[in-house]
1. Can you give me the accessible area per residue for the range B:367-438, using a 1.4 Å probe, in Å²?
2. Provide a whole-number value for the mean count of partner chain Cβ atoms within 10 Å of the Cβ atoms in peptide B:364-376.
3. Could you give me D for the range B:269-381, from Stokes-Einstein at 20 °C and 1.002 mPa s, where the hydrodynamic radius is the Kirkwood radius over C-alpha pairs? Units µm² s⁻¹, please.
4. Efficiency by 1/(1 + (r/R0)^6): what FRET value for residue A:229 and residue A:145, r their Cβ-Cβ distance, R0 = 30 Å, to the nearest 0.05?
5. In the range A:48-103, what trypsin sites (Lys or Arg not before Pro) fall in a loop by DSSP, with at most 12 other Cβ atoms inside 10 Å?
6. Provide, in order from the shortest bin, the percent of all Cα-Cα pairs of the protein assembly as shown in each 10 Å bin, continuing until the bin that contains the maximum pair distance.
7. Spin-label point model (7 Å from Cα, Cβ direction): what's the residue A:300 to residue B:63 distance in nm?
8. Which length gain, in nm to one decimal place, applies between residue B:217 and residue B:389 when the Cα-Cα distance is subtracted from 0.36 nm times their residue separation?
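The values are calculated or read from the model by the stated rules, or taken from the named source; none is laboratory data. Since this is a predicted model, take the numbers as computed values, not measurements. In this analysis, Cβ positions are derived from the backbone assuming ideal geometry, glycine residues included, and neighbour counts consider all displayed protein chains. When the accessible area is computed, the model is the full protein with side chains, heavy atoms only, and any ligands, DNA or RNA have been set aside. Shrake-Rupley method; radii C 1.70, N 1.55, O 1.52, S 1.80 Å.
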Amino acid sequence: MNKLVVSSSPHIHTAASTQRIMLDVLIALVPTAVAGTVIFGLRALLVILTCVATSVLAEFLFNLILKKGETISDLSAAVTGLILALNLRADAPIWQCIVGSVFAIVVVKCLFGGLGCNFANPAATARVFMLICFTGTLSGGMAPVITSSPELTSGATPLAVLKAGGELPSMLDMLLGLKGGAIGEVCGAAVIVGFIYLVIRKVIHFETPLIFVGTVFVLSLIVDNSFTVATYQVLSGGLIFAAVFMATDYVTTPITRTGKMIFAFGCGLITFLIRAFGSYPEGVSFAILLMNILSPYIEKWTAKRPLGGNAK
Amino acid sequence: MPRFMLGRTHVPHRKNTAEAPAQRMPAPEQVVILTSQHIGAPATPIVKAGDTVYVGTKIGEASGYVSSPIHSSVSGKVKKIEPHLLSNGRSCMAIIIESDGQMTPDPEIKAPTVENIDDLVSAVRESGLVGLGGAGFPTAVKLDAEKKGLIDQIVINGAECEPYITSDTLTMIAKADKVKAGVEILEKFISAKNIAIGIEANKPECIAKLTEIFADDDKVTVIPLPSTYPQGAEKILIHNTVGRVVPEGKLPADVGCLVMNVTSVAFLAEYLETGMPLVEKCVTVDGSAIKNPMNVICPIGTSIEKLIEFTGGFKSEPGKILYGGPMMGISVYTTEEPIMKNNNAIVAFNKKDAKLPPSRNCIHCGRCVAACPMGLNPTLFARAMKVEDSRERVARLNEAKLMLCMECGCCSFVCPSVRPLVETNRLAKAELRAAQAKK
């Protein structure tokens, strides 16, 4: 008689895989990456390729040197690299892109045990790290290569304009991304396409990005008392991009659905506070990072009561 | 009816064998009857090598309150009695009987006289009936709760939520009259006010048939359940049919429920009619390695090998063979293992399907938390098991309510990283039991 496999049940498995989920995220990021390249030119593509390649290579080498199993095929390193790149200016110095990617993968992710073990979002943390270290070259945004208003050449981000005063791009330009900013954050329309794809593929729940963005919108509406300002707030900076692609990261957000909602609300609140009262014009990455720290507690508070479970 | 239905994992149905009627297989040359085919104490053999037995002759006596007698499933001679290693790693005695091929029923068998609940409990005990849905809990013990006046609701399980398995489906179609007769017996002796029959919506013909035959019975309601897994799990079934919640560490009887599998109910009627104990089972034989998937009525104790041979053998080399369905089934190490009372399927996978994809790191996606019908967080058990200190480990496992896990397999099934979550829970439970025993 031939040898039979003996193993624990269940003996069948759903078609879903970690690799497929990561691939879906990459696919969802494509419209944003393409829009960024069109708006800012091929320099943006160079930043994207540098970050993705460095991230994957960094994880590969880390595993090789520490004699750990290969993990780059789960595609999560590529996702981190791409999200980081889309958070950077299209004219970011290449060496800084490399430093940031290595920081995201090695320090934030691999040193904590690799995929699933990090407590902070690698791309958000690396962005904050780079913003602090390389303030001169990374803050603000590059002016778009294509633009509908020739006088808008400064590249000042709408958020900075909102804070300092000056002429704002039109609402349509805001949505399409014809404004200053990071590669991935300018074109809200492309991000929304990715959002719809991820919801259809059931990779993310629709409510996390909506609550995050909605909180900023409502708070701005209350405080600024202007529908126009609130709309600019939503379409400015990395808000929509971060709400869709960074606040929905599985690893660093609560595991429960209610927990994810609280997480999203907290991100919106902190983002608004930083934008309204802080010295930085942009607060999304900080907000996500701060909420990452609270995640385990939110998860505990929102734990489901088991069926028939006694109260403790 | 509850506000919402629990157990919403979409597993494949693969009910390939629901259409054709079950085929009866001829007596095998020998049968291996295990003394432990149920939850509780193993039966004590009461025959010795060389004894002549008939179909239905009692060969093992129940050895406790939670226990069950066993009966010969063929006529012939007892060859030997020897220890047998079970697929769960434990061992029990096995009575090996050589068949004379005649299948002569025991001449002493006659229908029992049942006039009250005491008679019913002792008759059911003698019949060797155990929960035929898979768990194998002695039915007499369940019925005994009636004597304590606990039961006000009967729930009949026709969910059959495991992929492939259709033996209960065939019972509901081919033996609907027996199901009705069984329900009437329960109505007569159990003081329950209502009887709910839960059937998954993927079996519309069963729902239609039972709704029709119980049309004139006001006590009986046929409840269609969602075609998602695990509708047939006892606690989930009770919740989804009658909206009651069995508390931690309690039994269905504690919330007034008597739960019986639909095939067990049909058997009850047959037994009171003929007095022939539980000696044969309708078993679904299916899976990617099986040439002709079908339902087979075979004597208990038939080897898996002979059973599969009867259906026409393997289509390709088997890589894994299961007692039961793929979600909760136990993999066997050899095809010489016998069919037991609580088996309702043998699923054989080919080499390709025998292995799951390799496991990756947990990505904390929460799919297991969303899938768990009991509302548990499987990641907590996995994390607790990594704690070095054993007391801390036990405390964390208890805090996360490990013992509520029924090992239905939903968490492992949906995990995109193919984490061995159920396996981890089994190991963790063994640790908790050991810690409990030490106290």
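1. Computed with neighbouring chains in place, this is 45 Å² per residue.
2. So the per-residue partner count for this stretch is 6.
3. 132 µm²/s
4. FRET efficiency, residue A:229 to residue A:145: 0.60.
5. A:67
6. So the P(r) values, bin by bin, are 3, 13, 20, 19, 15, 12, 9, 6, 3, 1, 0.
7. 4.8 nm
8. 56.1 nm
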